[in-house]
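In what follows, a structure is listed as structure tokens, so that the remarks can point back to it.
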Amino acid sequence: MVYFVGAGPGDPGLLTQRGAAVLSRADVVLYDGLVNAVLLDLAPASAERVYVGKKHSELGPPRTQAEINALMAERAQAGRRVVRLKGGDPFVFGRAAEEIEYLAARGVPFEVVPGVSAATAVPAYAGFPLTARGVAATVAFATGHRAAEAPPVDWAAVARADTAVLFMALRTLRDCTAALIAAGRAPDTPAAAIYWGTTASQRVIASTLGALADEVAAAGWRPPVLVVVGDVVRYRDAMSWYERRPLFGARVLIPRRLEQAGAFASALAERGAQPLFAPVTRLVAPSDRGPLEKAIDRLDAYEWVVFTSANAVERWFDELASHHRDARALGLARIACVGPATARSLAARGIRADVVPAHGDAAALARAIVAVAGGELRSARVLVPRAEHGRDEAVVALRDAGAEVDVVAVYRTQTAAPDDPAIQLGLRELRAGRVDVAAFFAPSQVRALADLLGDGAADRIAACRVIAAIGPTTARAVERLGVRVDLVPSSPDAEVLARELAETYNRR
């Protein structure tokens, strides 16, 4: 089966729910150059990811249409679920029709998952309604790049529409505007060009039909650019909203997977920033499972279970499930979590934490447990499922209070392979100085990113305008690189971090 999925024009939040669901089950993802690389992380880690853009990229060599067709058919005929991920909508200047004809001729089943088209989304993010009562009742879509075998554009018909939207017209913009003027549109008709619409790189030139080509040429833009012609362009001053957000234009590197930082990414997007996900670490089984197996066998001996991360919660309950056990195995043990995110992960398992410190770090967690337990903590058995080689501040403090603490590794963290497209994008943008903010959520992410960057890693990271760390422990890991930390939020919460990041970013 081949699924043609519209990825939207750039903002990953514009992917449809159906598109996300199909991606989550993909065996193979064939993606274009205009697809936001973060969407690839919605596919299973085992899925094959193949760049099939028509231009050379660090992600891979350019592909011809014949090669793309053959890849789709071969993978599907081998019994694999293929997602053909296209920018915008597959059926709006997306060449999906000819790819489907190729599959249909070979008996390969397919499905089309429509996407949010650049035709509507990009003007909306720039403040241009395509229709407006009393101003525009008709819209025409046209391409400025016509294949040799395609019929010529009927510029007279396009010119008669109240609003015209031109795709792929950057290199032919002077010819396109001249054709519209020759077909009857006045040279002083409002017209605009939008560069990388719906992303933090969005830029808009609002001009007239007669002058637009010269102004765009002076800007030196490269694709993608969308052009809007008509009186609706006059609405920009009143209706521009995206570029007025407090973090508009900020590119924020998040060195973790989308599903781990979804709340933070949403909070950033609400403020106009563009998250760049680079999942630089991956979780694997601990090197020695013996202590873990022993702890699961004797769970009823523990009076406290302490979780120091959401990852620890997830991996611990996965282990319980593999032993055909669930939350009931914890019995009457009291539960402590390092912060709100960890507590939410626990709540998703149907368990409410007994202790969550107001300021989430290891030392605060230990103090909160001691304050609640008091003298009862002396000789109490405490289980701490955590990452292998995790930090010992909480463990030491609990032992100093008299507790018997068993530390059990439920996972270990490794640096991810650098061939992940999202990691490649993040590294490329960092090296090019195009990252405004780096936000770290664990010391392991700091170390992994430095390893992947190689020589000059500290200078690359330090070049960001703002460097944020979710807590003091992570901040110290950044500082050990010799890099300053500009922000440690007052609470380790995604919304708090995004809000305080906007304040810090604008001050700087």
_the stretch 372-411, residues that are open to solvent by 10 Å² or more (accessible area, probe 1.4 Å), closer than 22 Å to ASP288 by Cα and either of a type in the set (Ser, Thr, Tyr) or in contact with a Pro (Cβ under 6 Å, 6 or more places away or on another chain) (or both)_ = GLU388, ALA409, TYR411
*Which numbered condition VAL50 fails, given (1) open to solvent by 20 Å² or more (accessible area, probe 1.4 Å); (2) among the aliphatic types (A, V, I, L, M); (3) under 16 Å from ALA422 (Cα atoms)*: (1)
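Using the structure shown, decide if ARG256 is among the charged types (D, E, K, R), open to solvent by 40 Å² or more (accessible area, probe 1.4 Å), under 26 Å from LEU425 (Cα atoms) and touching a residue at least 12 places away in the same chain (Cβ under 8 Å). First the steps, then the outcome.
Details: among the charged types (D, E, K, R): yes; open to solvent by 40 Å² or more (accessible area, probe 1.4 Å): yes; under 26 Å from LEU425 (Cα atoms): yes; touching a residue at least 12 places away in the same chain (Cβ under 8 Å): yes.
Taking the combined requirement at face value, the residue satisfies it.
What number of residues within the stretch 323-332 satisfy the criterion of being open to solvent by less than 70 Å² (accessible area, probe 1.4 Å) and at pLDDT 90 or above? Walk me through it before giving the result.
Just the residues of the stretch 323-332 that are open to solvent by less than 70 Å² (accessible area, probe 1.4 Å), to begin with: 323, 326-327, 329-331.
Next cut, at pLDDT 90 or above only: 323.
Residues meeting the conditions: 1.
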*Is it fair to say PRO286 is within 30 Å of ALA124 (Cβ to Cβ) and not in a helix (DSSP H, G or I)?*
no
*Please find, among PHE141, PHE167, the residue that is closer than 30 Å to ALA265 by Cβ and either surrounded by fewer than 18 Cβ atoms within 10 Å (Cβ to Cβ) or aromatic (Phe, Trp, Tyr) (or both).*
PHE167
_Conditions first: (1) at pLDDT 85 or above; (2) open to solvent by less than 10 Å² (accessible area, probe 1.4 Å); (3) under 27 Å from ASP300 (Cβ atoms); (4) out of contact with any Lys or Arg (no Cβ under 8 Å at 6 or more places or on another chain). ILE423 passes all but one, so which condition is the exception?_
(3)
*Of all residues in the stretch 15-43 being open to solvent by 40 Å² or more (accessible area, probe 1.4 Å) and not polar (S, T, N, Q), the one that is nearest to ARG203 (Cα to Cα)*: LEU34
*Could you list, in sequence order, the residues of the stretch 338-364 that are outside any loop (DSSP other than H, G, I, E, B), of a type in the set (A, V, I, L, M, F, W, C) and modelled with pLDDT of 85 or more?*
ALA343, LEU346, ALA347, VAL355
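The values are calculated or read from the model by the stated rules, or taken from the named source; none is laboratory data. What you see is a predicted model, and the numbers here were worked out from it, not measured in a lab. In this analysis, Cβ positions are derived from the backbone assuming ideal geometry, glycine residues included, and neighbour counts consider all displayed protein chains. Accessible surface areas use protein heavy atoms only, side chains included; no ligands, DNA or RNA. Shrake-Rupley method; radii C 1.70, N 1.55, O 1.52, S 1.80 Å.
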